[in-house]
Structures are given as structure tokens and as C-alpha cells.
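Visitor: Before I ask anything, here is the structure I am working with.
The values are calculated or read from the model by the stated rules, or taken from the named source; none is laboratory data. Predicted, not measured: the structure shown is a model, and the values here were computed from it. Here the Cβ positions follow ideal geometry from the backbone for every residue, glycine too, while neighbour counts run over all protein chains shown.
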Amino acid sequence: MNRLKKLLVPFTLIAILSSATAQDESVKNRLSLGFEPRYGFVIPHHDYMGYFVNEHADGFQLNVGLNTTGTKAWHKSYNYPQIGIGFLRSGLGNDEIYGNMNVLYFYVDRKYLSLSNRLNIGNRIAFGPAYMSKQFDLKSNRNNIAIGSPINVFVQYDLTGYYQLTPKTTIRLAVGFMHASNGSTHEPNKGFNLITSGIGIQHSLTPHSSIIRSAPASLTDTSRANLSIAGIMGWKDISRFKEYLFPVYGITLEYSQRVSNTGWLGIVLSGYTDQSIEEEFKLDGDTTFTSSDRFSAALNLSYEMRMGRLSFLFQPGFYLHHSFSPYGKVVNKLMLRYCMYNKLLVSMAIKSHWVAKADFIEFGIGYRLNADNLLKRRRIHE
């Protein structure tokens, strides 16, 4: 768990600082404050959890954001989004067993229509570390099979609507999905999935539309195709009764093409060696384990949203090979990636089976190459 604390917090800080320092306008002119009560419910994706979810998940969010102005090319591509940090407090359906969730998160708010429109629609992506007030304990809280550790990973996706009361003040409506789990660094780890809605208020110190540059910055990276290779590592716990973190190692090869100024579509081939599989076989009562069963391979599609050096990646896919059948074929990743020196990549991802079952949190270091020549050769042959 100490590993998760040490690695998760720096990634959140990197995201905040990389976005905040990408501006050169006055911070005061770009500052926006928001408050939003939330109301929702926990989705008990495990039957046993359903017995104890007896309350709605009520809470609130506080946000401090910066309105982008066009100093970077991606600002215009995403219609001048708001970036910032926030705090969320939410119930989890049973105060006695599950307690509450307290989150410090980084977020990106994007509007789809012109900022001058009084009515608007958009979305929010947020992530960060979450502190759970109550966890599984063999003696005092054994009914909590959802969370086995105080520190977890939080992800939020909202669909949003806006009504502009004044040039500086906006009513925000939201409905969305929240997920929190520790990525199997400490069992149990069923995690929490919530559907929540909210209505709140945002106030900018200066009207956003008035600080947008008349001539936004142009793209500095004009490549059309990239080829990336990365080494990955993570740890996972598989038993709530026997605390031990098994290492997982892997390698990924990714090819992607630009489909818009900031959007990249690609395909990823991954290979893993998982040291926990032998123990999984034993716990499942299977005596047929061989050393080759530790190996698995997966193929994922990839959509990358680049915001300067920072990227969000969504990677749905399936296993080409996996010996442990309870995992099924579907494997997905949600990834945060940061590019240094235009080539070096550092990343953090939640790897999961289906949607609700996190496998582990993977950390990666990789290298990105310009693959435009490969694209040109393919077009010549066509």
C-alpha cells in the first residue's frame, strides 16, 4: 500500500502542474470556483455487497479551476476547456460498513458548443487518490468486501449541461459514473461503482470568453503516426487472508495515427508475466499449473486524447492468451500518460477485466518514435 501512495500522488501532481504551467496569462483572470451537491447510488456489482447497500450515496464536490486561453494548440481543439483540482466527499451506501469516500482529484471540463452560448453541453474527466474511511478488517469489519485499503484510485466521467446566468456565473448540471478501487494492491478489492447526479454553480473571476486569444497557438508536433514501446510493472494481492504482493511485468508495443489535432487512434499488443497465477491456480483447486501459465497476451484498441504533454487513453480489448479462465476474455485499460523530451513516456493505468474487476495498477516507462515514414511507405504501396 505504501507503494501505491508513493506512486499515485506524484502522478496526480504531474497532471496538475503540467496543465497549470502550460499557461502564461494571469492566474487571477483564469480562476474559476465551483460547488456542487451530488446525489446517487452505489451499483452493487457483487451479490454480497447488495445485502448491505441501504442508503443513497450523497455528497458534494468543490472545484478550483483555470480557464484555458489559447496559449497551447490543444486549448482550441478541445474548445478551451477548464482544468483544475477538486475535492469530493461521498457516502457509499452504508456508513457503518463502507463509511465514506474523500477524494482529491484533477479534472478537465469541456464544453462542446461555443462559449458564448447561454446553453451548453459537455463532459468531465477526473481522477485522483481517494481515501476510504472504512475498509475490510477480519475482526471488526469483515462484511466490507468492497475495499481492503484506505488509499484507492478514483475515476469520474460526467455528462454535463450548462446554463449561463451571467457572463461570470454558470449553473452546472451533471450525471455520471464514478469508480474507486485499489487495483488489487490489497484484497478484498471489489471496488465501488456509483451513478451520481448533481446541480451546482461555477463562478469565474473574469468571463471565460473575454480572455481567449484572438490567434491561438499552432501545433508544434506535426507527426501523423507514432510507434511506442514500453516496459510495465505492477503488484497485486489475491487473498484477503494472506497479505502478499505478487509482481507483474510486461511489455507493450503501440502503433497510432493522428485522427484530429489532439486525437490518436491505435492498436496495442501487450505481453505479461504474472507471478500471482500459480497461487490463483492453488486457490481455485487446480493442480495443472505450469510455468508457461504465468504468460498472457492481449490486443487492445487505443484512443488517446492529448493535451500537450499529458494524455488520457482508453484501451478496450481482449486476451489473445490467458491460462486462468475465471478472468474471461475482455481486458480494458484506462491510462494517464506524460511525455518528456518529446519521446520519453511515463504512464499509470488501471488494467481491468470487463468493467468492474480491477486486475492491477500498472506503471510504465516507454519511448515514442515518429512513424511517418511507415505511413508514407504504406501509401506508396497502395
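Visitor: If a residue must be within 21 Å of the chain's Cα centre (by Cα), buried (at least 21 other Cβ atoms within 10 Å of the Cβ) and not in a strand (DSSP E or B), how many such residues does segment 39-67 contain?
Guide: 0
Visitor: Condition check: under 25 Å from Ser302 (Cα atoms), in a strand (DSSP E or B), touching a residue at least 40 places away in the same chain (Cβ under 8 Å) and hydrophobic (A, V, I, L, M, F, W, C). Does Ile201 satisfy that? Lay out the reasoning, then the answer.
Guide: On the way: under 25 Å from Ser302 (Cα atoms): no; in a strand (DSSP E or B): yes; touching a residue at least 40 places away in the same chain (Cβ under 8 Å): yes; hydrophobic (A, V, I, L, M, F, W, C): yes.
No; evaluated as a whole, the condition is false for this residue.
Visitor: Has segment 316-337 got any residue that is surrounded by fewer than 19 Cβ atoms within 10 Å (Cβ to Cβ), within 13 Å of the chain's Cα centre (by Cα) and part of a strand (DSSP E or B)?
Guide: Scanning segment 316-337, I find no residue that is surrounded by fewer than 19 Cβ atoms within 10 Å (Cβ to Cβ), within 13 Å of the chain's Cα centre (by Cα) and part of a strand (DSSP E or B), so the answer is no.
Visitor: Among (1) among the hydrophobic types (A, V, I, L, M, F, W, C); (2) loosely packed, with under 15 Cβ neighbours inside 10 Å; (3) in the same structural domain as Asn94 (by TED's automatic domain parsing); (4) within 24 Å of Arg337 (Cα to Cα), which single condition is Ile171 missing?
Guide: All conditions pass for Ile171, except number (4).
Visitor: Take the conditions of a type outside the set (Asp, Glu), under 30 Å from Lys76 (Cβ atoms) and in contact with a Pro (Cβ under 9 Å, 6 or more places away or on another chain) and apply them to Leu301. Does it pass?
Guide: yes
Visitor: Just to be sure I understand, how many residues within segment 226-247 are modelled with pLDDT under 95 and either in a strand (DSSP E or B) or of a type outside the set (S, T, N, Q) (or both)?
Guide: Residues of segment 226-247 that are modelled with pLDDT under 95, as a first pass: 234-247.
Now narrow it down to the ones that are either in a strand (DSSP E or B) or of a type outside the set (S, T, N, Q) (or both): 234-238, 240-247.
Matching residues across segment 226-247 total 13.
Visitor: Test of understanding: among Ser276, Ser256, Ser239, which residue is buried (at least 18 other Cβ atoms within 10 Å of the Cβ) and under 23 Å from Ser181 (Cα atoms)?
Guide: Working: Ser256 fails: under 23 Å from Ser181 (Cα atoms); Ser239 fails: buried (at least 18 other Cβ atoms within 10 Å of the Cβ).
The unique qualifying residue is Ser276.
Visitor: Given the conditions (1) modelled with pLDDT of 95 or more; (2) in contact with an Asp or Glu (Cβ under 6 Å, 6 or more places away or on another chain), which single one is not true for Ser323?
Guide: (1)
Visitor: Which count do you get for residues in segment 142-157 that are assigned to a strand (DSSP E or B) and buried (at least 23 other Cβ atoms within 10 Å of the Cβ)?
Guide: Step one: filter segment 142-157 for residues assigned to a strand (DSSP E or B), giving 151-157.
Now restrict to residues that are buried (at least 23 other Cβ atoms within 10 Å of the Cβ): 152-154, 156.
So the answer is 4.
Visitor: Do we find a residue being touching a residue at least 12 places away in the same chain (Cβ under 8 Å), surrounded by fewer than 16 Cβ atoms within 10 Å (Cβ to Cβ) and assigned to a loop (DSSP other than H, G, I, E, B) anywhere in segment 100-112?
Guide: From segment 100-112, those touching a residue at least 12 places away in the same chain (Cβ under 8 Å) are 100-112; that's our starting set.
Narrowing further to those that are surrounded by fewer than 16 Cβ atoms within 10 Å (Cβ to Cβ): 112.
Subset that is assigned to a loop (DSSP other than H, G, I, E, B): 112.
Yes, some residue in segment 100-112 is touching a residue at least 12 places away in the same chain (Cβ under 8 Å), surrounded by fewer than 16 Cβ atoms within 10 Å (Cβ to Cβ) and assigned to a loop (DSSP other than H, G, I, E, B).
Visitor: Out of the residues in segment 283-301 meeting the condition of being among the small types (Gly, Ala, Ser) and buried (at least 17 other Cβ atoms within 10 Å of the Cβ), tell me which one is nearest to Phe318 (Cα to Cα).
Guide: Ala298
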